[in-house]
1. Could you please find all residues in the range C:133-149 being out of contact with any helix residue (DSSP H, G or I) (no Cβ under 6 Å at 6 or more places or on another chain), aliphatic (A, V, I, L, M) and part of a helix (DSSP H, G or I)?
2. Need at least 2 residues that are open to solvent by 30 Å² or more (accessible area, probe 1.4 Å) and not aromatic (Phe, Trp, Tyr) per element, so show me which strands (runs of 3 or more DSSP E) inside the range A:86-200 make the cut, counting only ones lying wholly within it.
3. Select from the range C:94-120 the residues that are away from every other protein chain (no Cβ under 12 Å) and at pLDDT below 80 and write down the one among them that is surrounded by the most Cβ atoms within 10 Å (Cβ to Cβ).
4. Within the range A:57-79, can you find the residues that are more than 19 Å from residue A:233 (Cα to Cα), touching a strand residue (DSSP E or B) at 6+ places or on another chain (Cβ under 8 Å), touching a residue at least 40 places away in the same chain (Cβ under 8 Å) and not in a strand (DSSP E or B)?
5. Assess whether residue A:186 counts as being within 30 Å of residue A:42 (Cα to Cα) and either at the interface with another protein chain (Cβ under 7 Å from one of its Cβ atoms) or touching a residue at least 40 places away in the same chain (Cβ under 8 Å) (or both).
6. Consider the range B:61-74. How many of its residues are open to solvent by less than 40 Å² (accessible area, probe 1.4 Å) and either at the interface with chain A (Cβ under 8 Å from one of its Cβ atoms) or in contact (Cβ under 8 Å) with a residue 40 or more places away in the chain (or both)?
7. What's the number of the only condition in (1) more than 12 Å from chain A (Cβ to nearest Cβ); (2) touching a Ser or Thr at 6+ places or on another chain (Cβ under 6 Å) that residue B:48 fails to meet?
8. What about residue C:190, is it open to solvent by 30 Å² or more (accessible area, probe 1.4 Å) and within 21 Å of residue C:148 (Cβ to Cβ)?
Amino acid sequence: MVPRLFGVVRTYPDTLDTVTLALEPLDGPPLAFRAGQFTMLHAFGVGEVPISISGDPTRPDPLLHTVRDVGAVTHALVTAAPGTAVGVRGPFGSGWEVADGTGGDVVVVAGGIGLAPLRPAILEVVSRRSDYGRVVLLYGARSPADILFADDMATWAQRHGIVVEVTVDYGPPGWSGRVGLVTTLVARAGFDPLHSLALVCGPEVMMRYAATALSARGVPDTRIRLSMERNMRCGIGLCGHCQLRELFLCVDGPVLSYDRLAPLLDVREL
Amino acid sequence: MRTLAEYLPEHPFFAGLDPASMDVVLGCAQNVHFAAGEMLFQTGSPADTFYVIRQGRVALEAHDPRSGTMVVATLSEGEVAGWSWLVPPYRWMFDARAVSPVSAVALDGDCLRGKCDQDPALGYALMQRVAHVMYERLQDARIRLLDLYGEAP
Amino acid sequence: MAGRRTLDLEGLQSLIDALRDRGYRVVGPTVRDDAVVLAEITTLQDLPGGIGDEQQPGHYRTRPRDDGALFGFATTVQSAKPVLFPANELLWRGTRSPSGFEVSRDVPDDAPVALFGIRGCDLAAVGIHDSVLVGRPAVDAHYARRRDRSLLIAVTCSTPAGTCFCASMGTGPRPGDGADLVLTELLDAEGHRFLIESESPAGADALAHLVTTPATAADQAAADEVVATATAHMGRRLRTDDLHDLLYASAESPRWSDVAERCLACTNCTMVCPTCFCTSVEDVSDLSGDIDERHRVWDSCFSLEYSRLHGGAVRTSTGARYRQWLTHKLAAWPDQFGMSGCVGCGRCLTWCPAGIDLTAEVAALREELAHRETSRTGPRPPSTDH
């Protein structure tokens, strides 16, 4: 329950309200983690929030978190000057375990900031690209200005043969890319549904539609993985806040397969 | 390039249509091409055609003097553009512009409506397909209305 | 197991003395502000002699008894929970230093506790907390340390209250596994005495140092009679078959809105529940921001803040919060820990200002589900919204 101390090395602005924070341990070795896991980041004097790790699991130093400025703690984090000490607990929870998709296609469906927890999984695929067949990234953002990791996506497409489809909800003047919902891309994306592992992260409504679309394409529900968000506090299943019926999402999740989640997603306020 | 008779039955929109009906549809179809920037149709003009997109991307746009041109949705290979040909008053509600070179099959709305009137089975089959397109677009629009990625309230 | 023995009142006092001599803080039932509560005791006079209680949903009173029983009440207001798992605990303290922040861990150094006279329901609840807080990969170190050094002396319940249903939950009236010593208070022509049984090496050791006499068949029969009478006087009953599936199948029941009409979401039930373990952390910093303390405090699934995400709470309706609580206790808990989360102590009924009765709510859900199953005459209306 006691955080390790990390120092802010530098911050990379991603969008107007989102920043990637690079942290270096002040008290020991780098933090080993699995793609999809999260930590509890503590801004001293302000508080603690759960943030997914967005860096490369094969290169955990510096430790990357992509943080959206939406509250007091996240504001303190995104505005932290280099050298600022930050508390880190974790890593916590289940990972994407993308290696389960070895030998088949990988479909990644991301919405908004949901691309951040998926970035480590994509980097893992990229590092062992020949282990996988077709790799498709379908990414939906609110507007072109909200698109995360544009440089990464260009690299993944050009250097690693990943099919990247980006779509936005609002297409302002000058935007020549796709406009529309990311989940509708699922129906026409090029992958073999029966031999695919699908990884989905975004707002819960978007994940439900994405999972429905993937299931309709024929991807088995056991091969569709969603990263769930609830009120993670302790990270170790003790405090109770992140319960989704019988699940403690901070230890049983956040990544869970759709066959397990489907009955729970349909009940309101569960 | 393959002929219309080869290509059209494989397009997702027409998948599963019986060959006789397909022949009727082919009688109303012709290949068209648009350069990037070219308009497929414009707001307010008579909706006498719909387009089955073979290649390229089409943007449905609305233009406002203050905001400029906003894209409502984009349509790509495997999708269709336009259903106003089926619903009175048969006028386009948005502009459709090719954002890249577009190859499409244009189907004559007048011609199709006539065939559908004569052959209710064909009419029903086409209606089902258009209804599916409308359903997808409506779901798309509704979910986007939720502004899921935006600032939470 | 050591043979059953009996202990007189003098012997009981010497048990308290011996525990205190060994460094235990002896915490037992005593009367404060017209209620039987758990607090430190030193003599038999501290125990609620001749005091019983009356409990009904939303109702609690002590009442005089004419038999001088020391354990003639049903349950203490709070269980052992606040003793082993305090409502507010300091976890760590961070102090700003020239090089950044230094974090020091807090370890509780309070004296070992002997819980004296806890009921079967509360003993079972301690066992549940052992599974939840110690028996999983992540251990609550503060609880574990207290628990490790604690001694549990349980007493058979003789006079259950109107809200009690331990017999339904299999946790009483005779205390089950986990105690070090189990006492049964006997008040008959043979005199005021206790049947005493040791159930652990520590219990056997304590017992060996006491002046006791071997229990007779009559003593044993009297103790059995206490259990039989108490079992027959349970104020409430809960049918436990299929509870798990019943609760899961009732997720969309209209009954939750019905409860919500009555429930004040005051969190009382979760505060008095001996098994509720949800906590929150509070970060407290001084005005300069140089000292930052993290406290663990009890939290409740009835509070809106509990399910807060960026953008709003997941469970905004009171009905959803009551459903979360009841479903967790009776259905999700068995999935998570392989046991029920309810021990039948009845405190959530007694201390509910609206008198909401868990057993009645479950019965209503049961009836409603049975009705739904029998009245399903045609296809359900489409539930999708197109």
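1. Listed by number, the list holds a single entry, C:141.
2. Values: elements: A:105-111, A:135-141, A:162-168.
So the answer is A:162-168.
3. Of all residues in the range C:94-120, those away from every other protein chain (no Cβ under 12 Å) come to C:108-120.
Imposing the further condition that a residue be at pLDDT below 80 reduces the set to C:108-109.
Working: C:108: 12, C:109: 6.
Per the criteria, the residue is C:108.
4. A:62, A:78
5. Judged against the criteria, residue A:186 is not a match.
6. If we filter the range B:61-74 for residues that are open to solvent by less than 40 Å² (accessible area, probe 1.4 Å), which is where we start, we get B:61-62, B:68, B:71, B:73-74.
Now drop any that are not either at the interface with chain A (Cβ under 8 Å from one of its Cβ atoms) or in contact (Cβ under 8 Å) with a residue 40 or more places away in the chain (or both), which leaves B:68, B:71, B:73-74.
Of the residues in the range B:61-74, 4 are open to solvent by less than 40 Å² (accessible area, probe 1.4 Å) and either at the interface with chain A (Cβ under 8 Å from one of its Cβ atoms) or in contact (Cβ under 8 Å) with a residue 40 or more places away in the chain (or both).
7. The single condition residue B:48 does not satisfy is (2).
8. Values: open to solvent by 30 Å² or more (accessible area, probe 1.4 Å): yes; within 21 Å of residue C:148 (Cβ to Cβ): no.
When the stated conditions are applied, residue C:190 does not pass them.
The values are calculated or read from the model by the stated rules, or taken from the named source; none is laboratory data. Please read these numbers as outputs of a predicted model, since none were measured by experiment. In this analysis, Cβ positions are derived from the backbone assuming ideal geometry, glycine residues included, and neighbour counts consider all displayed protein chains. Heads up: the accessible areas ignore ligands, DNA and RNA and are worked out on the full protein's heavy atoms, side chains in. Shrake-Rupley method; radii C 1.70, N 1.55, O 1.52, S 1.80 Å.
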